[in-house]
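This report refers to the structure that appears directly beneath it.
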Amino acid sequence: MNNIEWPYPLEWDSEERIDTDVLVLGGGIAGCMAAIAAARKGQQVVLIEKGATKRSGAGGSGCDHWESAATNPCSKVTPEEITLAMLDDNQGYNNGISHYIECKEGYDRLLDIEKMGGKIRDTKNEFAGAQFRDEDTKLMFAYDYENKFTLRIWGSTFKPAMYDELRRLGVKIYDRVMVTSLLMEGGKQGGRCIGATGMHTRTGKFFIFRGKASIMCMSRPARIWLFSADLPGLCEFRPTQCIGDGHAMGWRAGAEFTMMEKSVGAEFSASGRSYPPYGAGNNHNTWYGTSLIDSEGKEIPYADRDGNLLNNVSDRFKPSKGQKFFMKGGSIDYPKYEIEGPETLSFAKMIEAGYKLPFYADLSKLPELERKVIWGMMIGEEGKTKVPIYKNYKDAGFDPEKHVIQCYGTGWTSADFLPQERQLFGLPGGFMNDWTLGTNLKGLYVAGDSLFASNCYGHAATTGYYAGRHGAEYAAANTLTEIDATQVEQEKNRIYAPIRNEPHNSIGWKELNAAISKTMQNYCGEIKRDELLNIGLLRLKEYEKKVIPNTFAYNPHELTRLLEVFDILEVSQLIVHSCLARKSSAKPLCFYRGDEKEQDQEKENKFITIKQKSQKIEIGGKPLDYFGNLKENYENHNKDYIRRCKDEQ
Amino acid sequence: MNNDKKCYLGEMPSANPIIYHKEKCIGCNRCVNICQVDLFIPNPEKGKPPIVLYPGECWYCGCCVMECPIEGAITLRHPLMNQVHWVEKDKLIKNKEEK
């Protein structure tokens, strides 16, 4: 390969400066919606995306369900009810503000996306008469058919529709540009955010963006514990290049984070250990309601939360007796009794009762429309399913009326993992936010997976739009600021240093990522101890001081991957520092210590916050209910929006 | 088979996620431009299928196939270890009866 010349012009030495009102960092779901909101407020908007905005991000290829759209006309629950249930389910360790926004504005955004060209209802009447379809609105619901707050959507149409809307609104899109750092007023950590630097992933060109407000819309961190040098694209659930650059540059800039001590045992992908998401036998999420059978064709019964067996398929979609509603979907792993939905009997019980392994997912006996909506609509519209699952399985002869698909793990994990194989999943940590989705850094707003306790598509779209709105208000009241030349110079030196080294005695991005992941598995695994965490930190520091100066990249693409690993190293340190800051175990954070002192537990029942100021780490705390009264605070901060929605009605 | 009594430097990758069907691909490079991971580079020869430069980085989202204007020009293939098994349900029941 090495004798093929790089096909793109090399522009290592050139620099482009761009000024705008609102700068959107990341072009996934949240970024697109942020840019749309800001542009609609009359601001000039620049959107920077590492991939190709039309299909970039975790939701680029699609999404099959939109959770918690509590204000849709069929919903029987309120935004307050769902948000409080989400908070309670995690003993308060959840983002009350962002999830309230998700519940409150989800349906507004769906209508918005429909206007842009996305499909949110069964316009072709393919599912007329189905139990999950509302005949008046043609909206289709998933999970709890009685309370109707999670919608089935044709999400493969969404990103291209948003992309068209961005262009219609005149948003300037910079695809294939990796944002490398936040620019701060006077170059000071913890100061005001006044822009960002970037590098073109094909040409290596340097960019200096100035914005009056910036909106951080990048992914959650990944590849911290999980890495395969051979198949890096299969390491994690989110896209290969979505590894948490935003968290890293935020940490360097002095942004405040919380819940970064939380990690969960790996559930997805995990360096190729599991099978393709939504592609193996299971009965969760996209496949919810599917029958499971054992290897002799015997059906595994569903039961309600009280253990009553459910005899009809339709009962799988109803709350239990005396239950208002149940929750299913993205990150409701071990629900509390209050919101626990129907489920197949436990794996252990089935083995005890003599059911034979392996189990299989069986669509064949479902009512026709239930089968058709799972195989053909959900599988097809959910991310990464249209081609790799739906088309490929069909082409290979899979027939949902005849065949059953094997299950591999003991649940929807579709594999079993080691305890030290961890992931930031199921409401992971992120930037701390206030009621404007602003951060502690003036001028910096945050949305989607950058937020702490983020989860799904609807959360990304709604918080994106909300942050875009509030960022635009800030931009309208502020001016552009002169950048600090020293900060820019330092950043250029940092990002281009690896191309000046020689390949024969240097270290590449894969070798470094593998070392970081192994270090994190060893010293920051399932059970935390100060002595190990401290050694882990030393190892990571060593990589920073001794290895980074000896890295090499052949071309701008490899340099992008290498800069990502520098960010992974940065975030790993943030995680270890956050683990050191929490002294006692906290079950809702999946955080377990082997060296805790019992008296710490009560004292630590709060969000522990962490940030850097003048290169020193500052630990703080916020009460779990810091967001106050949801409804009142939302209304106080969104008077214009509420008024405009009323006018439109 | 290679009959010319020579062999060449090379290493087969751990996965071969994208297969171009040369007779169908028109070399329009839409797949190159849509891929968020940026696996591909355009073929130096115009009109020919792109080169899959970084196959290991593939995320298997299928957007290259979704964007392709020619049906069947690209096949996305999961690595062998990730190919899922299915069986005919009737066979499971028959197996049980035979036991």
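The values are calculated or read from the model by the stated rules, or taken from the named source; none is laboratory data. Note that this is a predicted model, so its numbers are computed, not measured. Because the Cβ atoms are built from the backbone with ideal geometry, glycine has one as well, and the counts that use them run over all protein chains shown. Keep in mind that these areas ignore ligands, DNA and RNA; they rest on the heavy atoms of the full protein, side chains included. Shrake-Rupley method; radii C 1.70, N 1.55, O 1.52, S 1.80 Å.
The set of residues from region A:73-95 being surrounded by fewer than 24 Cβ atoms within 10 Å (Cβ to Cβ) and touching a Ser or Thr at 6+ places or on another chain (Cβ under 8 Å) comprises A:73, A:74.
The number of residues in region B:47-92 being at the interface with chain A (Cβ under 8 Å from one of its Cβ atoms), in a helix (DSSP H, G or I) and surrounded by 14 or more Cβ atoms within 10 Å (Cβ to Cβ) comes to 9.
Among the residues of region A:265-274, is there at least one that is within 14 Å of chain B (Cβ to nearest Cβ), of a type outside the set (Ser, Thr, Tyr) and more than 26 Å from residue B:80 (Cβ to Cβ)? The answer is no, given that none of the residues of region A:265-274 is within 14 Å of chain B (Cβ to nearest Cβ), of a type outside the set (Ser, Thr, Tyr) and more than 26 Å from residue B:80 (Cβ to Cβ).
Within region A:114-136, being hydroxyl-bearing (Ser, Thr, Tyr) and in contact (Cβ under 8 Å) with a residue 40 or more places away in the chain holds for no residue. The one condition from (1) within 10 Å of chain A (Cβ to nearest Cβ); (2) modelled with pLDDT of 95 or more that residue B:20 does not meet is (1). Condition first: within 11 Å of chain B (Cβ to nearest Cβ) and either touching a Ser or Thr at 6+ places or on another chain (Cβ under 7 Å) or open to solvent by less than 10 Å² (accessible area, probe 1.4 Å) (or both). Now tell me which residues in region A:200-221 satisfy that. Of everything in region A:200-221, just one residue is within 11 Å of chain B (Cβ to nearest Cβ) and either touching a Ser or Thr at 6+ places or on another chain (Cβ under 7 Å) or open to solvent by less than 10 Å² (accessible area, probe 1.4 Å) (or both), namely A:201.
Taking the criterion of being open to solvent by 70 Å² or more (accessible area, probe 1.4 Å), more than 11 Å from chain B (Cβ to nearest Cβ) and either among the aromatic types (Phe, Trp, Tyr) or within 25 Å of residue A:398 (Cβ to Cβ) (or both), the residues of region A:348-368 that qualify are A:357, A:368. For region A:298-320, taking the residues that are outside any helix (DSSP H, G or I) and open to solvent by less than 20 Å² (accessible area, probe 1.4 Å), the one that is farthest from the other protein chains (Cβ to nearest Cβ) is identified as A:320.
Counting just the residues of region A:1-60 that are of a type in the set (D, E, K, R) and in a loop (DSSP other than H, G, I, E, B), which one comes out nearest to the other protein chains (Cβ to nearest Cβ)? Show your work before the answer.
First, pick out the residues of region A:1-60 that are of a type in the set (D, E, K, R): A:5, A:11, A:13, A:15-17, A:19, A:21, A:40-41, A:49-50, A:54-55.
Imposing the further condition that a residue be in a loop (DSSP other than H, G, I, E, B) reduces the set to A:5, A:11, A:13, A:41, A:49-50, A:54-55.
Details: A:5: 8, A:11: 16, A:13: 22, A:41: 28, A:49: 8, A:50: 8, A:54: 6, A:55: 4 Å.
Per the criteria, the residue is A:55.
Tell me which residues, restricted to region A:459-512, are open to solvent by less than 30 Å² (accessible area, probe 1.4 Å), over 30 Å from the mean Cα position of the chain (by Cα) and under 30 Å from residue A:637 (Cα atoms). Residue satisfying the conditions is A:481 alone.
You will find that of A:197, A:180, the residue that is modelled with pLDDT of 95 or more, in a strand (DSSP E or B), open to solvent by less than 20 Å² (accessible area, probe 1.4 Å) and within 19 Å of residue A:451 (Cα to Cα) is A:180 and no other. Hey, any hits in region A:403-415 for a residue that's among the small types (Gly, Ala, Ser) and buried (at least 24 other Cβ atoms within 10 Å of the Cβ)? Checking region A:403-415: at least one residue is among the small types (Gly, Ala, Ser) and buried (at least 24 other Cβ atoms within 10 Å of the Cβ).
Condition test on residue A:421, is it open to solvent by less than 60 Å² (accessible area, probe 1.4 Å), closer than 25 Å to residue A:131 by Cβ, charged (D, E, K, R) and modelled with pLDDT under 95?
no
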